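Asker: A single structure is presented below for examination.
The values are calculated or read from the model by the stated rules, or taken from the named source; none is laboratory data. From a predicted model like this one, the values you see are computed outputs, not experimental measurements. Methodologically, a virtual Cβ is constructed for each residue, glycine included, from the backbone with ideal geometry; neighbour enumeration extends over all protein chains shown.
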Amino acid sequence: METLKSYLSGEFCTGKGAATALVNPTTEVQVAETSTAGLDLRAAMNFGRTQGGPALRELSFAQRGALLKQMSKALHEVRDALIDVSIMNGGTTRNDAKFDIDGGIGTLAYYAELGAKLGDARYVIEGEHEQLTRSARFTGVHVRVPRQGIAVHINAFNFPTWGLAEKAAVAILAGVPVITKPSPITALLAARVVERIVESKILPAGALQFLCGDANDLLEHLGPQDVLAFTGSGKTGELMRGLRAVVGNAVRLNVEADSLNAAVLLPDVEAGTDLYATFIRDVVREVTQKTGQKCTAIRRVLVPRALADRVQSDLAEKFAEIKIGDPALEEVRMGPVVSANQLKSVRDGVAELEASGARIVSGSVARPTTLGAPEGKGYFVGPVLLRADDAARATAVHHREVFGPVTTLLPYDDAQSIAATVGLGQGSLATSVYGDSREILGDVLLGVAPWSGRVVSVSSKVADQAISPGMVLPSCVHGGPGRAGGGEELGGERALHFYSQRVAIQGDRPLMEKLLGSAQPKNG
Ligand code: NAP
């Protein structure tokens, strides 16, 4: 049995205590184990701060970007092997695996290019020098310098590559070293990613460390220059906010958590049009991709009441066509969920939605017919479509994120109610709106905006070009208010802010320009 290794203080190492088992969720056979017990995490944090930090800060943005480019290339070279690991330990189909792995490789490449654009600077001068007194000589200017601590990254099980890479890309470009922790459930893929980066000898010592399993005392060592970026459930996010070290040292914290994303069909869209077909396609994809284990999956589908039966039967028909089974098979569209716990959580979640006034109108939580999976084995569940005719009363639909291939149809009578219904989710990562009607589209987009991290407007003219709403792009902010964690990641250069300290430097303008001016990025 392979024991996965952490990479701390410049060495691969394993814990000494009880190990956590990693399984293949299709066969339930154990594929590896991992333990972090007894590892010296205080020393690792210091190693990052004292070795990785100074080495990165000495480099320009362009040089840090060049490191990211090499990381992207190194991972691309082993892409096929990574896909195989994802299928085995994540239960993903090949396409689902690519979504995670190519997403990680692409995000590294995007931030590599941003580094090249920011050029020789090592920090960013923001805006103009502003006159502060009657003297034109005494001015203030805002400068963003890298924080001198370490970035601790805690990731969810569903994106072992992308989660690791998108966070690391931004921190490294900002000049901050990283210690990254995957969820143990799918840590095999994250371990392979880190092994590849380490063996490629790309990064300075201490720039990227890897804690493969339980966090133990890691978060107790967070200090005032450190940052903590967390992705996972709202419950764990809440725990992060209350950590003694976080509160006591005002550690900067970013939380990416649950989300009850909505897709909205506006009343002007007619069944049978291309726009309607795009809407159905997007909902089906966003419910079944990665077996619904996506933070950006569509959980609530708002449709005009007059069209609800038609949408219901079209979605039911498409869901019934999805082939479920061994994700290694080419014809299989949906693999299992990642663990027995996850399967139980999906079943419990659907029961909670039903108890709250939603009824199942297609599919079920019973074991579906599977292709190629061993008899009675694997954590399989098929797509489940629920319907709640009174959207406001079905409270669990707006509170309980069922992290599987599950969504609820919510018919509405009046377009004026759309924003309020979306808002019942108390904050989402992505809201998508399908329609052309100018009279209502603007109001709906601006109405859902305060409750969303990203709003995708799909109108007839872009129906064939628009990206699916669950796709997270490095150039656009990812995050959402309230339930979604209240955080922000990515979004191009905006993402660097989290890792830097903005300081207002006041003084003699010509002197300040002389001292700081050379740091101005070329495009700054
Ligand atoms: P989770 O159970 O909250 O775990 C997330 C991470 O936190 C894991 O690495 C977990 O590792 C760690 N963790 C849990 N308790 C901890 C503690 N006390 N100290 C330090 N680390 C701790 O979430 P999950 O089940 O992996 O992921 C599913 C959830 O993530 C869903 O709710 C989904 O919506 C959300 N998600 C959000 C986004 C987004 O961008 N907003 C993206 C992906 C997923 P251990 O298991 O080792 O404790």
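Asker: Quickly run through region 224-240 and pick out the residues that are within 12 Å of the ligand (Cβ to nearest atom), of a type outside the set (S, T, N, Q) and not in a loop (DSSP other than H, G, I, E, B). Full working, then the answer.
Answerer: At the first step, the residues of region 224-240 found to be within 12 Å of the ligand (Cβ to nearest atom) are 228-240.
Imposing the further condition that a residue be of a type outside the set (S, T, N, Q) reduces the set to 228-230, 232, 234-235, 237-240.
The answer is Leu228, Ala229, Phe230, Gly234, Lys235, Gly237, Glu238, Leu239, Met240.
Asker: Which members of region 353-377 meet the condition of being under 24 Å from Arg305 (Cα atoms) and surrounded by fewer than 20 Cβ atoms within 10 Å (Cβ to Cβ)? First the steps, then the outcome.
Answerer: Within region 353-377, the subset under 24 Å from Arg305 (Cα atoms) is 353-364.
Residues satisfying the conditions are Glu354, Ala355, Ser356, Gly357, Arg359, Ile360, Val361, Ser362, Ser364.
Asker: I need the strands (runs of 3 or more DSSP E) fully contained in region 104-186, keeping only those with at least 3 residues that are in contact with a helix residue (DSSP H, G or I) (Cβ under 7 Å, 6 or more places away or on another chain). Even if it seems obvious, please write down each step before you answer.
Answerer: Numbers: elements: 124-131, 138-146, 151-154, 178-181.
Per the criteria, 138-146, 151-154, 178-181.
Asker: Another question, if that's okay. Residue by residue through region 435-451, note down the ones that are out of contact with any Gly (no Cβ under 8 Å at 6 or more places or on another chain) and either more than 21 Å from Ala484 (Cβ to Cβ) or among the polar types (S, T, N, Q) (or both).
Answerer: Hits for region 435-451 are Gly435, Asp436, Ser437, Arg438, Glu439, Ile440, Gly442, Asp443.
Asker: To continue, here is another question. Pull up region 432-455, narrow it to residues that are over 14 Å from Leu265 (Cα atoms) and in contact with a Leu (Cβ under 7 Å, 6 or more places away or on another chain), then point me to the one that is surrounded by the most Cβ atoms within 10 Å (Cβ to Cβ).
Answerer: Filtering first and then ranking leaves Gly453.
Asker: Could you say which residue among Leu260, Leu243 is in contact with an Asp or Glu (Cβ under 9 Å, 6 or more places away or on another chain), touching a residue at least 12 places away in the same chain (Cβ under 8 Å), near the ligand (Cβ under 10 Å from one of its atoms) and more than 30 Å from Val301 (Cβ to Cβ)? Give the steps one after another, and end with the answer.
Answerer: Working: Leu260 fails: more than 30 Å from Val301 (Cβ to Cβ).
Exactly one residue qualifies, and that residue is Leu243.
Asker: May I pose another question? Filter region 329-350 down to residues that are more than 21 Å from Thr27 (Cβ to Cβ) and in contact (Cβ under 8 Å) with a residue 12 or more places away in the chain and give me whichever is farthest from the ligand (Cβ to nearest atom). Spell out how you get there, then give the answer.
Answerer: Looking only at region 329-350, we keep the residues that are more than 21 Å from Thr27 (Cβ to Cβ), and these are 348-350.
Next cut, in contact (Cβ under 8 Å) with a residue 12 or more places away in the chain only: 349-350.
On the way: Gly349: 11, Val350: 16 Å.
Filtering first and then ranking leaves Val350.
Asker: Can you give me the ranges of the helices (runs of 4 or more DSSP H) entirely in region 1-98 with at least 3 residues that are closer than 21 Å to Gln148 by Cβ? Working first, answer last.
Answerer: On the way: elements: 41-47, 53-57, 61-77, 79-85.
Answer list for region 1-98: 41-47, 53-57, 61-77.
Asker: Filter region 283-328 down to residues that are among the acidic types (Asp, Glu) and within 24 Å of Ile83 (Cα to Cα) and give me whichever is farthest from the ligand (Cβ to nearest atom).
Answerer: Start the filter on region 283-328 by keeping residues that are among the acidic types (Asp, Glu), which leaves 286, 309, 314, 317, 321, 326.
Keeping just the survivors that are within 24 Å of Ile83 (Cα to Cα) gives 286, 326.
Working: Glu286: 13, Asp326: 23 Å.
Among them, the one singled out is Asp326.
Asker: Let me ask you something else. Take the residues in region 378-392 that are under 26 Å from the mean Cα position of the chain (by Cα) and not in a strand (DSSP E or B); name whichever of them is surrounded by the most Cβ atoms within 10 Å (Cβ to Cβ). Before the answer, list the steps.
Answerer: Of region 378-392, the ones under 26 Å from the mean Cα position of the chain (by Cα) are 378-386.
Filter once more, keeping what is not in a strand (DSSP E or B): 378-383.
Numbers: Gly378: 24, Tyr379: 24, Phe380: 23, Val381: 25, Gly382: 23, Pro383: 27.
Looking at the filtered set, the residue picked out is Pro383.
Asker: Filter region 440-494 for residues that are within 19 Å of Thr421 (Cα to Cα), more than 16 Å from the ligand (Cβ to nearest atom) and not β-branched (Val, Ile, Thr) and give the result.
Answerer: Leu441, Gly442, Asp443, Leu445, Leu446, Gly447, Ala449, Pro450, Ser457, listed by residue number.
Asker: Tell me, yes or no, whether region 497-519 has at least one residue that is modelled with pLDDT under 95, surrounded by 14 or more Cβ atoms within 10 Å (Cβ to Cβ), away from the ligand (no atom under 16 Å from the Cβ) and closer than 30 Å to Ile179 by Cα.
Answerer: Yes; the residues of region 497-519 include at least one that is modelled with pLDDT under 95, surrounded by 14 or more Cβ atoms within 10 Å (Cβ to Cβ), away from the ligand (no atom under 16 Å from the Cβ) and closer than 30 Å to Ile179 by Cα.
Asker: Right, another one. Say we look at region 456-486 and pick out the residues that are in contact with a Pro (Cβ under 9 Å, 6 or more places away or on another chain) and part of a strand (DSSP E or B); which of these is surrounded by the fewest Cβ atoms within 10 Å (Cβ to Cβ)? Before the answer, list the steps.
Answerer: Initially, region 456-486 is screened for residues in contact with a Pro (Cβ under 9 Å, 6 or more places away or on another chain), giving 456, 458, 481.
Of the ones still in play, those that are also part of a strand (DSSP E or B) are 456, 458.
Working: Val456: 21, Val458: 26.
The residue in question is Val456.
Asker: I'm told Leu429 meets every condition in (1) at positive phi; (2) within 23 Å of the chain's Cα centre (by Cα); (3) crowded, with 21+ Cβ neighbours inside 10 Å except one. Can you identify the failing condition by its number?
Answerer: In the conditions (1) at positive phi; (2) within 23 Å of the chain's Cα centre (by Cα); (3) crowded, with 21+ Cβ neighbours inside 10 Å, Leu429 misses (1) alone.
Yes or no, residue by residue, for (1) touching a residue at least 24 places away in the same chain (Cβ under 8 Å); (2) under 15 Å from Thr431 (Cα atoms); (3) touching a Phe, Trp or Tyr at 6+ places or on another chain (Cβ under 7 Å):
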{"position": "Val472", "(1), (2), (3)": "yes, yes, no"}
{"position": "Cys476", "(1), (2), (3)": "no, yes, no"}
{"position": "Gly480", "(1), (2), (3)": "yes, yes, no"}
{"position": "Val503", "(1), (2), (3)": "yes, no, no"}
{"position": "Leu511", "(1), (2), (3)": "no, no, no"}
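Asker: Which number in (1) more than 16 Å from the ligand (Cβ to nearest atom); (2) within 26 Å of Pro160 (Cα to Cα) marks the one condition that Leu265 misses?
Answerer: Tallying (1) more than 16 Å from the ligand (Cβ to nearest atom); (2) within 26 Å of Pro160 (Cα to Cα), Leu265 fails exactly one: (2).
Asker: Further question: Does region 204-223 include one or more residues that are without any contact (Cβ under 8 Å) to a residue 60 or more places away in the chain, of a type outside the set (Ser, Thr, Tyr), more than 20 Å from Leu253 (Cβ to Cβ) and within 16 Å of the ligand (Cβ to nearest atom)?
Answerer: no
Asker: Name the pairs: first residue in region 175-198 and of a type in the set (Asp, Glu), second residue in a helix (DSSP H, G or I) and within 15 Å of the ligand (Cβ to nearest atom), Cβ to Cβ under 7 Å, at least 6 apart or on different chains?
Answerer: none
Asker: Quickly run through region 456-508 and pick out the residues that are within 29 Å of Gly234 (Cα to Cα) and acidic (Asp, Glu).
Answerer: Hits for region 456-508 are Glu488, Glu489, Glu493.
Asker: Tally up the residues in region 331-346 that are under 22 Å from Thr186 (Cα atoms) and surrounded by fewer than 16 Cβ atoms within 10 Å (Cβ to Cβ), please. Can you show your working first?
Answerer: Kept after step one, since they are under 22 Å from Thr186 (Cα atoms), are these residues of region 331-346: 332-346.
Next, only the ones that are surrounded by fewer than 16 Cβ atoms within 10 Å (Cβ to Cβ) stay: 340-341, 344.
Going through region 331-346 one residue at a time, the tally reaches 3.
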